[in-house]
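What follows is one structure encoded as structure tokens, with my remarks underneath.
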Amino acid sequence: DAYSDFKVTHETGVVFDCASESNLGSGYYGCDMNTTDMPARWYHTNVTVWRDYYNNATASYVNSFFLETPPALYGENVSSEQGGDLGGWGEVWTFRVNVTDEDQESNVTVTLWIRSYGATSWNYANSTVVEKPYEDEVILTYSGFDCSNIGTWEYYFTAVDNDVGGNHSNETVPH
């Protein structure tokens, strides 16, 4: 019988063993890995196969795959010119959120959305592009409230990275 050993090494040197290796037959071998707990970015693959009375074989592949991640948003809050989350129309409101894009592959567009509490549609309020964010605080302001906007309002943020392999996005819950 033939045996195989698959190892993938993150670009930082951390090694992960394949827990689910299989002999697919005709000299082909497979490995299924759950990448949930693996950090984003580049991985190198090393495969060794052996069989009694045969020569061992090893193949190494540099940058064989890249783990993508959507940007993460956390720690969102809002404050008025007066401080805190109470204020009035005509004030400049400051919205903050932290953003991280673990794969550090692209820039991330962070957008602020607002609506009157209970309304069905959200309104664009402001946005910015953050260059390859890693635990960056984003500060967006909005001063478009007037006397017709009296009442309780909600906000949330979206983050979209524009990777070569396609856009990945995330959002906060409304507050």
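The values are calculated or read from the model by the stated rules, or taken from the named source; none is laboratory data. In this text, all values refer to a predicted model and were calculated from it rather than measured experimentally. When we count neighbours, we look across all protein chains shown, and the Cβ atoms used for this are built from the backbone with ideal geometry, even at glycine. For the accessible areas, the whole protein counts, side chains as well, though only heavy atoms, and no ligand, DNA or RNA atoms are used. Shrake-Rupley method; radii C 1.70, N 1.55, O 1.52, S 1.80 Å.
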**Q.** Criterion (over 19 Å from TRP42 (Cβ atoms), out of contact with any Leu (no Cβ under 8 Å at 6 or more places or on another chain) and surrounded by 14 or more Cβ atoms within 10 Å (Cβ to Cβ)) met by exactly one of GLU154, GLU131
**A.** GLU154
Q) Is at least one residue of the range 103-120 modelled with pLDDT under 85 and within 15 Å of ASN149 (Cα to Cα)? A) no
Q) Given the conditions (1) free of Cβ contacts under 8 Å to residues at least 12 places away in the same chain; (2) buried (at least 19 other Cβ atoms within 10 Å of the Cβ), which single one is not true for ASP85? A) (2)
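Of all residues being open to solvent by 40 Å² or more (accessible area, probe 1.4 Å), more than 13 Å from GLU76 (Cα to Cα) and part of a strand (DSSP E or B) in the range 160-175, which is modelled with the highest pLDDT? Just the residue, please. Spell out the reasoning first.
Applying the first criterion (open to solvent by 40 Å² or more (accessible area, probe 1.4 Å)) to the range 160-175 yields 160, 162, 164-165, 167-171, 173-175.
Adding the requirement that they be more than 13 Å from GLU76 (Cα to Cα) leaves 160, 162, 164-165, 167-170.
Now restrict to residues that are part of a strand (DSSP E or B): 160, 162, 167-170.
Working: VAL160: 90, ASN162: 73, ASN167: 64, HIS168: 66, SER169: 69, ASN170: 68.
So, considering only residues that are open to solvent by 40 Å² or more (accessible area, probe 1.4 Å), more than 13 Å from GLU76 (Cα to Cα) and part of a strand (DSSP E or B), the one modelled with the highest pLDDT is VAL160.
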Q) Would you call TRP113 touching a helix residue (DSSP H, G or I) at 6+ places or on another chain (Cβ under 9 Å) and open to solvent by 40 Å² or more (accessible area, probe 1.4 Å)? A) no
Q: Filter the range 69-92 down to residues that are out of contact with any Phe, Trp or Tyr (no Cβ under 8 Å at 6 or more places or on another chain), in a strand (DSSP E or B) and over 14 Å from PHE157 (Cβ atoms), then give me how many there are.
A: 0
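Name the one entry in PHE66, PHE157, PHE95 that is hydrophobic (A, V, I, L, M, F, W, C), closer than 18 Å to PRO39 by Cα and part of a strand (DSSP E or B).
Selected residue: PHE66, the only one of PHE66, PHE157, PHE95 that is hydrophobic (A, V, I, L, M, F, W, C), closer than 18 Å to PRO39 by Cα and part of a strand (DSSP E or B).
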Q: For TYR61, work out the one condition from (1) touching a Ser or Thr at 6+ places or on another chain (Cβ under 6 Å); (2) in contact (Cβ under 8 Å) with a residue 24 or more places away in the chain it doesn't fulfil.
A: (2)
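Please go through the range 10-30 and give me each residue that is at pLDDT below 90 and either among the charged types (D, E, K, R) or within 25 Å of the chain's Cα centre (by Cα) (or both), ordered by number. Give the steps one after another, and end with the answer.
At the first step, the residues of the range 10-30 found to be at pLDDT below 90 are 18-30.
Hits for the range 10-30 are CYS18, GLU21.
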Q) Within the set of pairs 6 or more residues apart or between chains, which connect a residue that is farther than 26 Å from VAL92 by Cα inside the range 67-80 to a residue that is open to solvent by 30 Å² or more (accessible area, probe 1.4 Å) and not in a strand (DSSP E or B) with Cβ atoms less than 6 Å apart? A) LEU67/THR35; THR69/GLU102
Q. Which one of these is of a type in the set (Lys, Arg), closer than 29 Å to VAL130 by Cβ and open to solvent by 70 Å² or more (accessible area, probe 1.4 Å): ARG51, ARG96?
A. ARG96
